Each structure stands twice: as C-alpha cells, then as structure tokens.
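Since the structure comes first, as structure tokens, the remarks are kept for the end.
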Amino acid sequence: MGELLLMARIGGRRAAIPSAQVQSVVELDHIVPVPRAPGFVAGLTALRSRALTVIDARRALGIGHAPDEADGRAAVVEVEGHAYAILVDRVEDVVEAASEPERPDATLGEGWNRVSLGMVETAIGPAILVDIAAIVAGPDQAAKHAA
Amino acid sequence: MDDLLADFVAETREMLEAIEGEVVAWEADPSDRARLDAIFRFVHTVKGNCGFFDFPRLEKLSHAAESALAEVRAGRRQPGAHLVNGVLAVIDRIAELVDAIEAGEEFVPNGDDRLIAALEPESEDDTLAPAPQEESTGGSKPARPANCVRSIRLPVELLDRLMSGVSDMVLARNDLARRLREAGNQPAIDGPFERLSAILDDVRQGVTQMRMQRIEHLYNALPRLVRDLSAELGKQVLIDLEGGEVELDREMIETIRDPLTHIIRNAIDHGIETPSERLAAGKREIGLLTISARQAGNRISLLVGDDGRGLDIDRIAAKAVANGLATKGEVEAMNREQKLELIFEAGLSTAEKVSGVSGRGVGMDVVRANLEKVGGSIDVDSRDGEGTTFHLQLPLTLSIIAGLIVGTSGRRFAVPRSYIEEIARGSSSALEIEHLGDTRFVTFRGTRVPCIEMSSVLGLDSEVSLEQGVFVFVRLAGGDLFALAVDRVLDNEDLVVKPLAPALMATGIYGGSVLLDDGNPILMLDIPNIAVGHGLVSQIRTRRSTAFDAAPGDTVTPAGQVVLFESFDGKRRAIRMEAVARIQTIARDAVSVEGDRCQALLDGAILPLAGLANELPERDAITVLRLSDGDSELLHAVAEIDNTADLDGDIVPVDGEDLLEGSTIVGGRQTGIVDVHALFARHARKLAPARRPTCRIPDGDGWARTFLAPLLEASGYRVANGVEDAPDITLLLDEADEPGEQGSHIVRLRSTPDAGPGGASSIYRYDRAALLAALESATGEA
C-alpha cells in the first residue's frame, strides 16, 4: 500500500512501474540504432555522460502496432548495473498504489503475462504492474528463462 | 619509496588486515580447511611477491610457513596448537618486517630461525606459546615515521563516482562551449571559461590517472624477475614484453600481478629447458618468454607464452589420478583440453622436486581463483616440445583506450587501435581485391589476407564500393591478420569504454559503448569475436614462431622500410620510413622561395621545404613528406609517391651527393636513399624556438587587433603588451612612422593589393604566406 507508481501507456494500455526503480523520466531526442541488435532494443542514447540502452517497451511486449500518441519519453532504470531507458508511449503521472498487486484472473496475453507482477488499483484506474527486469530481458531471453 | 614497493607494502598490509579474522578463527578450529587455505594463500602470495624484491628474510619466513601448511593441506600433518602458534608468530613477524620496509629501516630483532624451527614437526615439545612478541616492540605497533610518501587506498566505487562526475562536467563544458561559440565573442565570459576549461582538463586527467595505470607498470619488474630466476635455475631466458601501453584499472593490475608472477615462475622453472636440453632438442639455447597485452573488446587479453617443452599431459593425468582429483576412468574419458585444464585444480603438481622458485602445484589454482574472483578467466594451450601459452582474460570495468572511429553505412563505430596494423585505401595501386569462393581476399604488399566487409557484418548496405572504401588491417592477439573493409576512417580518439547491456553483448559484434566528445554514443566493435564469427581465427598460434624468428642473435641487420618516390628532378628516391611523420598535400601558394631556400606554410607553421630546386613546379598542389626527428619538422617535396618497400640490398655510397646516404637497388631499379640526417642538419635552422619572438602591432588599430594579433599568436609569435615590452619585430601599417626603438625589425604592411610608389618593400596585409615569411626572416636576423 502506498507505493509510488509511475503510470505510463505501453501499446495504449496502462502500465505501472514502481517509481523507486525509476531514476528519472527523460525525453529521448536522438537514438543511435544498433545493427544486428534484437528488435526490442531501439538503440543507444546518451544521458549526460552515460550511454543508455533504449528498450522499446512495446516491442519487448510483442506489441507490434505503433502508439497513437507517443511523446518519446522514457523511464531511466538500472538493471544489474546496466542503465536502460524504457521507451513507452507516454508517461502519465506518478500516483500512489491503492491496493497490493493482485494476479488478475483473465489472461493478459503472452507479452503482458511475461512482464506482469499483477494488477494494481490506483486513483486514475487499474494498471498492470510491470517487472522492469523482464522488459529489459526482452521476449527471447524471457523465453529462455522459462525453458 | 618507489611505486612497486609502496604497492607491495600496501597490499601486504591489506591482506594482513583481512587475514586477522581468519587467523583467530583458525586458532579456534585448526581443522577448518577454508581458513587454512586462506592463510596458506596469504603466505604463498607474500612469498610470490618477494620475487620482485630482495627481501630474503620475508621470503624465508613465508616459504617456511607455506611448507608447513602445505604438509597440513596434503594431510601429512595434523594442525595442532603448536603449529598454529608457529604460523601466527611468522605472520606477526611478516607484519613487523613490512612496517620496517615501509619506514625504510633495517628490522633489527633477529630470531627468524627460531620462528622457522618452531614450524618443524619435530620441535613438537618445544613450546612456543604464546606467540613470541617479547623481543619485538612489546605488542604495540611503533608509530610510523611521517616523512615517507604515504599512499592511501580508496574504494574503487568512489573513484568511479568521481570519474563519472568529471565526465559529466566535461560534456556540460563542451555543450557550453558550443553555445558560447554560437553567441559570438564575449570577452568577459570567454576568459574565465577558458580558465575553467583548462582546470577541468587537468582534473579530468588526474582523475583518469587515479584509476588507470599502464600495464607497463607491471612489466617493469619482470625483466629483473626473469633474470634472477633464470640465473638461479641455470637457464637462459629472454623476455619479450608487448602492449605495455594498454591501460587498465589499478585494481586489475594488482589482481594480475600475482598470477603473472606465478605463471612466469612456472614457465622458467618447468617449461623452459636448460640450455643443453634445448640445444639437444634443436632449439636455440635461449628460451623465449613472451607476454603480450591487448584490449579485446571490453576485456583485456594477456598472453603469456614460453617456447619450452610444453606440458606433459600424461603426467598431469596420472598425477590427477594419484592425488584423487579424478578417477582413472574419468581421466581416460577426457580430451586433451580437459586434461590440460587439470593443472588449474587445487593440489596438483607435476614437479618432482620442490624448489624455492615455484612450488608444489599451488600456483595455478590460486591463479585461477584470483582471476575468477574479478570475473576473469584463464586457459592454457600447450604443444609437446614447442611450448605453453596461457591466455588470461580480464574484464574491463573502466579502461581508456586509443580508438579509431570508422564509418560504415552512415553509422560510426570504434575499433581499438591496438589491433590495427595498417590502413590502406581501396583505390591504392598497391592493393588488390580478389573474390575466391564466397570470401574476398586483399593482397597488400605481397601478403594476402581474408577480408570481411563491415557492412555485411552489421547487415547493412555499404554506401561505397570496396574499391572506394578503406581497408583496416587488423591483427589479433593470436597473430591472425585480416582486413576489415569500411566506408571511411573518421577520427582517432581516446575512448572510455563502458560495458554493454547483455542484450547487446549477445550480438557478438560489440565490445562496449563509447561516448564521443560531441556527446553521441557509439559502439566499439569486438574484433576477436567478429573474427571468430567469420572463421578467421586459426587454432595454431603463429605469433610465437614469428617472435622467435625475430629474436636477436642472427647476424642479419634489420632491414629498414622506406617510402619510394619520384623527385622533382625526375630521380627515384627513397626515404626511411621512421623519419616520415605523414604525407600531406599543400597548395602551391603556401610555398615561398626565400633566397636559396624554400619554405611552406602548413598548419599555421612555417616549415623548411626540401626537394625543390628553388623553383615552384607547375601544379596547384604539391605532395610533401612531413619528416620529423622528434623535436623539429621539415618537409620534403615529392613529384609522385610510388610505394613503400623493404631495404634489403646493399647501400653503396654515392660521391658528390651530400644529401644522399647512398644508392641501392629496390625492385630492380637504382634508388637513391635520402640522408635524413644531412637534411635536418642543413634545413633545421631553429625549428623549435626557445622563446616566442615579440611583435608590436599598430596601437589602437582595430584591424591589427582583430585580424593581425590572432594570426601572430597562432603562428608562434607574441604580441607586445604596452610600451615597455621591447619587441623583436615591429609591424607597421601603410605610411605609419617608424618608432625610434633600437634592435627591432620593421615589417611594413599595406592595405591595398597593389604596391603603390615606394611600397615595393611592403606586404599586402592579407598575403598571409608572405607576411609569415617576412616575420620568419626578420626573426632569423634578430
């Protein structure tokens, strides 16, 4: 209860990222693509003196279609010592969780199931609490872990 | 105190602190194997480190403790209170000796022999409890003298934070600099900004140095170690060190020092044969120990090879069975590599004889443990009768390397310069491209090497054809050479390499990311991995044999490489490659003939120009060789560059040509070799002026201050400040009156291109070359 969540839209759906994990929210203006990188890695970008690996959250979830109203913002997180920028459709707000995360009954779909930590209620509506490490790992890695 | 010694003291003291707890725990439970191993490693490491220095007492003590503990580890002796006390006493004594070493004093209290004797099993009844402190300082440590250079140890994390903070500042500074430039000249801000900028550069350098050390630092001590060891063992060993410029974390240097020492000891003790054995085996009597360091992606790769007898695989296997490390069946099922890997197991030694030099099979498991602790690895390759190579890999937490920025398909990538042998243009006549099967080969200077295209590695479309591209010749640590075709070579930069996210590492193409000074991130190519991915790495390490061939002893004098060219008087000439700094093209306008000498304006400096017969050739641009002797530079004009070649023929002196070293045959044609020494002796007047000549510019003149002063400053002159500052040269504009000062040369400028009446001696104020030449000649007379 009371955990602060960064509310964002990924593929048009509302997702919540524990804000304790988010170092900052940045606007990505220049992304250097990385040839031969997996599809969910959008490229590299520089944040001050750091190079961030940009993860396209939609591609990481296997959501193909382009967002309707992307604002090019990304959440900067650190997973296992590496800094990432998680590119979402747009960042909405920071709100307090109104409930503990619950496993939703209905299946969310393959991509969402993989990264979901459960559903949380918030003042602006329900959202799926996402596991940053699972997003960063991408679809292939997650498949390997499951195997 | 020298650095190495300070490191040794600091490291030993740190280990002593770390081990204090272990000692107490071991005392409580002498059968505790983990504690025993930790203490054993400590004395073993101290013994190993002593190899660098001349500390016979330390070495004797640690060797004795190591022997006693080895007995316990081997199960031949039960640890008792007596042994514990003995070992503790030795550790205390080591601490005292280290204090004395740091203070630079002779440690007087003796009794080492008594301590060593107390470790012997037969002295079981000789009670040495409690630890003999009575003869030392009565239990309290002496105050350390304040006058010796103290070093402190800081957590690496703190340095990382500092480093990243400074990097942020540099990037912010660059950003600010860009904005200031855009905003135009603002003297009130520019001055302080310049100062801030310079200070920041200093700080950055300092911070970088705090973290980094050249591996040279580690290398420095090795020749001595090798010399002493080989003398002790009656062997002759030559050490060949390569890649000393590779920089790595101080922490890493400390981590690899012990493993390296162990491997070297083993190589000299067990690997390299005695001179007579070597001669009998048809080898040169001097053994060769090669150590080369390379940066490989985000890892440092260290090859330590000897050309000795190689590891005896059957003996290793038999020993492993005898020591219970593996069953007979397991060993039989192993392949060659797995058997070789056994040498890294604890408690395996094939040495029949235990010497003070290398031990009883403890070395390699400690080596592996130390390397793995920092995320490194070690493997071994050995060939019967030909030698053994250890390949150490170390992670790169933070490392600055020289990199080449290349461009392909509109993207930029970095290649570590340590791999690059040479760069050639596809359009060069000396380079041929052939397609054989699915592979391309390039032949350059008689060597045919496989070629891979960067664009196909990356799965991109190349922007230019191979013929218009650039070939970067890359040599791997193992000795394999191949060419990497890129669209263009952009820049050289010092790069701070950061580790990549796992998803990007998995591509197998990149070794790290780099932030350029303009703030853009680019990727560094993992050259070895790309080579492996394209099947370009041979299993046989060829380097060793080539290094051996090049070892001294042969009577053939090393052949020099020369640049062949056609001179302006139509002669074929060669100039030694070492003297050539680079090849440049200058505009004809930049060349001026002054008396019997030519000079040219290049990069804001006036350099003497040789090779022209005092008349300018009928062409717009002139190709020049920029020659350097390290201090000064001069230019040599060439009509056409032909090629480079090896000097292998005799050099015959030529009469009457004082600028020629001699004449020789290159490629079937007689070629005159330019005498670089004579060239510099003749032309190098005062290329590096000790003092910048002072110029006075017209006072209060806007043009002079805005246009002239910066040009003068940039060209190595100082602009006089105020009337008291006596100038060497006075610059006057148009009809201004000459000042009455003595000893100052006058250079008169005019505002119009055409010299008016009486203006023949003046120079048009925008005729830069003439102006600089006039200043040069005025300075020469001054």
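The values are calculated or read from the model by the stated rules, or taken from the named source; none is laboratory data. Here the structure is a predicted model, which is why all the values come from computation and not from measurement. Here the Cβ is made from the backbone with ideal geometry for all residues, glycine too, and neighbour counts use every protein chain on show. Only protein heavy atoms, including side chains, enter the accessible area calculation; ligands, DNA and RNA are left aside. Shrake-Rupley method; radii C 1.70, N 1.55, O 1.52, S 1.80 Å.
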>> If the requirement is being within 12 Å of another protein chain (Cβ to nearest Cβ) and buried (at least 22 other Cβ atoms within 10 Å of the Cβ), which of these qualifies: A:Leu5, A:Leu87, A:Leu61, A:Leu52?
In response: A:Leu52
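Here is a yes/no grid of residues against (1) within 30 Å of B:Asp7 (Cβ to Cβ); (2) in a helix (DSSP H, G or I); (3) modelled with pLDDT under 75:
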| site | (1), (2), (3) |
| --- | --- |
| B:Arg173 | no, yes, no |
| B:Asn185 | no, no, no |
| B:Ala188 | no, yes, no |
| B:Arg195 | no, yes, no |
| B:Ile199 | yes, yes, no |
| B:Val203 | yes, yes, no |
> Looking at this structure, is B:Arg93 open to solvent by less than 30 Å² (accessible area, probe 1.4 Å), not small (Gly, Ala, Ser) and not in a helix (DSSP H, G or I)?
Replying inline: no
> Scanning for something open to solvent by less than 70 Å² (accessible area, probe 1.4 Å), over 26 Å from B:Arg214 (Cα atoms), touching a residue at least 40 places away in the same chain (Cβ under 8 Å) and in a strand (DSSP E or B), does region B:321-343 turn up at least one residue?
Replying inline: no
> For residues in region B:518-534 being farther than 20 Å from B:Gly410 by Cβ and either of a type in the set (Lys, Arg) or surrounded by fewer than 18 Cβ atoms within 10 Å (Cβ to Cβ) (or both), which is farthest from the other protein chains (Cβ to nearest Cβ)?
Replying inline: B:Val532
> For region A:24-49, which residues satisfy the criterion of being more than 7 Å from chain B (Cβ to nearest Cβ) and among the aliphatic types (A, V, I, L, M)?
Replying inline: A:Val25, A:Val26, A:Leu28, A:Ile31, A:Ala42, A:Leu47
> Which residues, taken from region B:593-614, are crowded, with 21+ Cβ neighbours inside 10 Å and touching a Phe, Trp or Tyr at 6+ places or on another chain (Cβ under 7 Å)?
Replying inline: B:Gly611, B:Leu612
> If we scan region B:488-500, do we find a residue that is among the hydrophobic types (A, V, I, L, M, F, W, C) and farther than 30 Å from B:Val304 by Cβ?
Replying inline: yes
> Which of the residues spanning region B:712-753 are open to solvent by 70 Å² or more (accessible area, probe 1.4 Å) and at pLDDT 75 or above?
Replying inline: B:Glu713, B:Arg718, B:Thr752, B:Pro753
> Where residues in region B:352-374 are surrounded by fewer than 17 Cβ atoms within 10 Å (Cβ to Cβ) and either among the acidic types (Asp, Glu) or farther than 16 Å from B:His44 by Cα (or both), which of them is modelled with the highest pLDDT?
Replying inline: B:Glu372
> Looking at this structure, is A:Pro38 open to solvent by 20 Å² or more (accessible area, probe 1.4 Å), within 22 Å of B:Ile522 (Cβ to Cβ) and in contact (Cβ under 8 Å) with a residue 60 or more places away in the chain?
Replying inline: yes
> What tally of residues in region B:487-513 results from selecting those that are more than 12 Å from every other protein chain (Cβ to nearest Cβ), under 26 Å from the mean Cα position of the chain (by Cα) and not β-branched (Val, Ile, Thr)?
Replying inline: 7
>> Tell me which strands (runs of 3 or more DSSP E) are completely within region B:207-256 and hold 1 or more residues being surrounded by fewer than 17 Cβ atoms within 10 Å (Cβ to Cβ), or say none if there are none.
In response: B:212-214, B:237-242
